[in-house]
């Protein structure tokens with residue numbers, strides 16, 4: 001009976017590693033692999049042990065926050081593009097780009113810290 005629990009725990013842990021890996025690989029792939037990592041986390045979180053489930057929940061939260069920041073920044077870039085006609089759009093586009101860069105750095109750091117906590121067997125924060 002213990003072997004089945006350990007085997008299921010290892011399978012969930014492997015899926016959590018895969019999701020973090022996909023999150024980190026989303027940087028060079030222009031965020032194309034981040035939704036795949038979120039799907040991996042979503043599909044494996046119900047039958048995972050508590051520590052691994054905390055990582056899956058943190059991964060889903062991380063993806064959703066980054067997704068909605070990206071959506072908001074995209075929507076803000078539309079009027080900023082129109083405002084380029086009167087030259088105020090250029091500083092707005094720089095600001096939107098800087099905030100987008102910060103979101104990307106935050107996403108990467110949180111993914112890396114979560115991966116390190118998972119390697120140590122600690123729950124996600």
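Remark: the Cα gyration tensor places segment 2-120 in the prolate category, a/c being 1.5 or greater and a/b exceeding b/c. Helix 50-82 and the long axis of the chain differ in direction by around 10°, with both axes built from C-alpha atoms. Using Cα atoms only, what is the angle between the long axis of helix 34-44 and the major principal axis of the chain, expressed in degrees (0 to 90) to the nearest 10? The helix 34-44 is inclined about 30 degrees to the chain. The stretch between residue 42 and residue 61 holds 5.8 nm of extra length on full extension. This uses 0.36 nm per residue minus the Cα-Cα distance.
The Cα center of segment 55-106 and the Cα center of segment 109-125 differ in position by 25 Å. Neighbour counts of C-beta atoms inside 10 Å place 23, 90 in the sequence 90, 23, starting with the fewest.
Quick one: order 61, 55 by neighbouring beta-carbon count within 10 Å, fewest to most. Show your work: numbers first, answer last.
Values: 61 13, 55 27.
If I rank by nearby Cβ atoms, fewest first, I get 61, 55.
In plain terms, the residue of 108, 14 with the fewest other Cβ atoms within 10 Å comes first and the most crowded comes last, giving 14, 108. Taking the 0 to 90 degree range and rounding to the nearest ten, how far is the long axis of helix 89-120 tilted relative to the main principal axis of the chain, both from C-alpha atoms? Result, in degrees: 10.
Tell me whether segment 21-76 comes out rounded, prolate or oblate; compute the Cα gyration tensor, take square roots of the eigenvalues as a ≥ b ≥ c, and use a/c under 1.5 as the rounded threshold. Prolate shape, in that a/c is at least 1.5 and a/b is the bigger ratio. Distance between the pseudo-spin-label points of residue 112 and residue 99 (7 Å out from Cα toward the beta carbon): 2.5 nm.
A short reminder: the numbers here are calculations on the coordinates, not readings from a lab. Owing to the predicted nature of the structure, the values given are computational and were not obtained by experimental measurement. All Cβ positions, even for glycine, are placed from backbone atoms using ideal geometry, and neighbour counts span all protein chains on display.
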